[in-house]
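In what follows, a structure is listed as structure tokens, so that the remarks can point back to it.
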Amino acid sequence: MARGNNDHLVSGRNKETSIGSRRAFLKLAAGGSALSLAGCLGNIGGAGGTDDTLTYGVVSPMSGAYSGLAPGQRNGAKLAIKTLQESEDFDFEIEGVYKDGKTEDTASVQAARRAVEQDGANFVMGAISSSVALALNELAKDEQVIYNPGGAAVPITGSGCNEYVFRAETNTAQIAEAVSEYTVNNLGTDVWFHIADYAYGTSVQNRVQMRMEEADSNVNVVGTSKSELGASNFDSYISQIDNSDAEVVVLGMTGGDLISFVSQAVDSGLTENVDIMAPTMTFQVVRGALGPKAYGTYGGVRYVADIDNPKNNSFVDAYKSEYDAVPDNFARVGYQSIMMTAEGVKEAGSTNVDDVIDALEGLEMDSILGTNQFRACDHQALNPTWMGKCVEPESGEMADVELLKKVEGKDAMIPCDETECSL
């Protein structure tokens, strides 16, 4: 296996400082290629396979608070692996192992570690909770495997970044570029922030508030509130917002938290006077669960299935054929993470993690979101973003998404010198 199972000869967290660590060992092997060295070491311990085989550990929260979002991510990852297995454009073997991260840091790290140490995974994809993703960042560094996070908080490819992390998910700063200016210019400058109290919610408030204030100096944050991740009753927060001067409430929430909050807000009559904007409001699972209650709300758009380019058209057709469903953002992330990483494997001519890291950094490629790359300074994909509005559909009850404003990938990015990422 490309990861090189010589890692099993070095105990736990001492890998980085040991001369036996894969990266140090390869760098010391003057005169020998990394690929041939990885091939020589690949079968030590019996779990690593050969140097032309890639094993992806997919760790999605199939149970827990984000279990409603996880099937799309896993299905997208499975489809990417199947696509690569059947493609003549990629000459390496690939297989997947699938684990339940349970929306918990400890459970996800344990599941990913089993995938690496027991199943021989040298690449990992998964998580939706940003707190979980940050924990898996550390796992990737410890185990020296490439990791594609599914969480969106800025620190994942910011202050918490490391060389093994390559994120195809769109982060909150990229979405903030699409939603912040539009919100203050069109929805109102008197703003209330309500967030789920974890890494993603904090990231939304910090980045969106900053970009709003840069767009309009008259922005007035009339109030802020926080609820626990997985909370179910938001009546007290909704009452506070309704009794304030807020023109718009920005929700740093997703999944069941967002669905419950918006449903209760509509039932209480809050939306008669206050607009709702949430960076994840346009997610398919949110619109599907809310039905007509989503109409008239606003949100960031990371992905819509009707993006018209060859890569996305092929993805949508294959996903519909495989699962009899339209892919959502989580399916896009599972699929795009593995397909973009595979381009690095192809470019490197090797499944060795070090070779793939070197090849992936800044490599331009076609993706389902158009021309893309993992930026060299922080390994964040240059995804475009949009501001969208949930509108009544021509048929059925699930809201359609009207795209209001697009921000190109390069324009949505935090400048490299402001990321707090040091690779």
**Study point:** Candidates K293, K406, K311, ranked by Gaussian network fluctuation over the chain, Cα under 10 Å, top entry
**Key:** K311
Review point. Using a Gaussian network for the chain with springs between C-alpha atoms less than 10 Å apart, which of these wobbles most: V407, V58, V204?
Key: V407
Study note, to complete from the structure: Scalar couplings 3J(HN,Hα) for segment 382-395 by Karplus 6.51 cos²θ - 1.76 cosθ + 1.60 (θ = phi - 60°), nearest whole Hz, x for Gly and Pro, are 8, 7, x, 9, 9, 8, x, 10, 7, 10, 5, x, 5, 8
Point to revise | Most to least accessible of L290, L229, L382 (protein chains only, probe 1.4 Å) | key: L229, L382, L290
Point to revise | Per-bin percent of Cα-Cα distances, segment 136-293 [5 Å] | key: 2, 9, 18, 20, 20, 14, 8, 5, 3, 1, 0
Check your understanding: Rg and Dmax of segment 73-176, Cα atoms, in Å?
Key -> 13.7, 40
Practice item. May I ask you to list the lysines whose Cα is less than 26 Å away from that of K141, ignoring any residue fewer than eight positions away on the same chain? Key: K15, K27, K78, K99, K102, K346
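Around V262, with a cut-off of 15 angstrom between Cβ atoms, what is the net charge of the other residues, counting Lys and Arg +1 and Asp and Glu -1? Intermediate results must be reported in sequence, preceding the final value.
Working: positive: R287, K293, K389; negative: D235, D242, D257, D267, E272, D275, E397.
Computed value for this residue: -4.
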Point to revise | Cα pair distances of segment 49-119 binned at 10 Å [whole percent] | key: 21, 44, 27, 8
Practice item. Report relative contact order for segment 266-421 in percent, whole number only (criteria: Cα-Cα under 8 Å, sequence separation at least 6). Key: 24
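Counting only C-alpha contacts under 8 Å and six or more residues apart, can you give the relative contact order of segment 150-223 as a whole percent? Kindly include the intermediate steps, with their values, before the conclusion.
On the way: 80 pairs, mean separation 26.5, N = 74.
For segment 150-223, the relative contact order is 36 percent.
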Point to revise | Proximal lysines relative to K406, as straight alpha-carbon distance under 17 Å, when same-chain residues fewer than 8 apart are discounted | key: K389
Point to revise | Gaussian network model of the chain, springs between alpha carbon atoms under 10 Å - residue of G396, G299, G256 with greatest fluctuation | key: G396
Check your understanding: Around V97, which amide H atoms from residues at least 5 apart in sequence, or from another chain, sit under 5 Å from its own amide H, with H modelled in the peptide plane?
Key -> Y56, G57, V58
Revision key, fill the gap. Summed over the other residues with a beta carbon less than 12 angstrom from that of K410, with K and R at +1 and D and E at -1, the charge totals -3
Point to revise | Mean Cα-pair separation over length for the chain, i.e. relative contact order, pairs under 8 Å, 6 or more apart, % | key: 18
Revision key, fill the gap. Share (percent) of C-alpha pair distances in the chain greater than 27 Å works out to 49
Check your understanding: Gap in Å between the Cα centre of segment 350-423 and the Cα centre of segment 273-337?
Key -> 15
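State which helices in the chain qualify, where a helix is a whole DSSP H run, it must extend 30 Å or more along its own axis by its Cα atoms, and its mean Kyte-Doolittle hydropathy must be at least 0.0. Walk me through the intermediate numbers first.
Details: long enough: none.
TM-like helix candidates: nothing returned.
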Review point. Amide H to amide H under 5 Å from G158: which residues, 5+ apart in sequence or cross-chain, H placed 1.01 Å off N in plane?
Key: none
Point to revise | Residues whose placed amide H lies under 5 Å from that of S367, excluding near-sequence neighbours | key: N372
Exercise for review: Could you give me the percent of Cα pairs per 5 Å distance bin for segment 277-397, shortest bin first, beginning at zero and ending with the bin that holds the maximum distance?
Suggested key: 2, 10, 17, 19, 17, 15, 9, 5, 3, 2, 0
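222 nm [θ] for the chain, helices only, -39500 (n - 2.57) per DSSP H run of 4+, per residue, to 500? Each step should come with its number before you reach the end.
Working: 13 runs with 162 residues, N = 423.
Result for the chain, helices only: -12000 deg cm²/dmol.
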**Study point:** Residues K405 and S239, FRET efficiency given R0 of 30 Å [Cβ-Cβ distance, rounded to 0.05]
**Key:** 0.40
Review point. Hey, what's the Kirkwood Rh for segment 335-374 if you take every pair of different alpha carbons, in angstrom?
Key: 9.9
Exercise for review: Could you work out the local net charge near V304, counting Lys and Arg as +1, Asp and Glu as -1, over the other residues with Cβ closer than 12 Å to its Cβ?
Suggested key: -1
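The values are calculated or read from the model by the stated rules, or taken from the named source; none is laboratory data. It should be emphasised that the depicted structure is a prediction, and the values quoted were computed from it without experimental measurement. So basically every Cβ, Gly included, is an ideal-geometry build from the backbone, and we count neighbours across all protein chains shown. Heavy atoms of the whole protein, side chains included, go into the accessibility calculation; ligands, DNA and RNA do not. Shrake-Rupley method; radii C 1.70, N 1.55, O 1.52, S 1.80 Å.
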